[in-house]
Amino acid sequence: MATDDYKLQVSIRTSASQHADMINIRANTPDELSVLLEGIGDYSNQIAAVAKLVQAAYTVLPLATSPSTQGTTPSISSAPAPEPTATSTVAPTCQHGPRKHKSGVSSKTGRPYSMWVCPLPQGPEQCKPVN
């Protein structure tokens, strides 16, 4: 494993979530660091878009961990299988990525339900379900 002998490094975490991505910018001089930081700024929209796609993909199917870190992240084999529906084989999407299909019987009303929900955990940022 090679060692990198950079004199300056800036690390930027893309969000406060547990699975946040990190961007590391390394340079040998202050001028080089300045140029690299300006370059990253020019690509900030593209970086944000890619980070959103990666997060959506991780929400649908988390990455597997190596045996040395087993138990820290769900493996691919433990991820829930997508639920097929008779009306559609392609999941609708929202701003957070592909929606998850949920169906069952309401414990309150006893009536069946079927809907597509936002991939985010339940909370204020989660989009409203669609049928």
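Extension gain, residue 26-residue 53: 0.36 nm per intervening residue step, less the Cα-Cα distance, totals 7.2 nm.
How many nm separate the modelled label positions at residue 130 and residue 115, each set 7 Å beyond the Cα in the direction of the Cβ? Result for the modelled spin labels: 1.4 nm. Within straight-line reach of residue 128, meaning a Cα separation under 21 Å, sit the following lysines at least 8 residues removed in sequence or on another chain: 52, 100, 102, 108. The modelled label-to-label distance for the pair residue 11/residue 96, using points 7 Å beyond Cα in the direction of Cβ, is 2.7 nm.
Throughout, read-outs are computed from the coordinates displayed, never taken from laboratory work. Small disclaimer: the values here were computed from a predicted structure and weren't measured. FYI the Cβ positions are ideal-geometry reconstructions off the backbone, even for glycines, and counts take in every protein chain you see.
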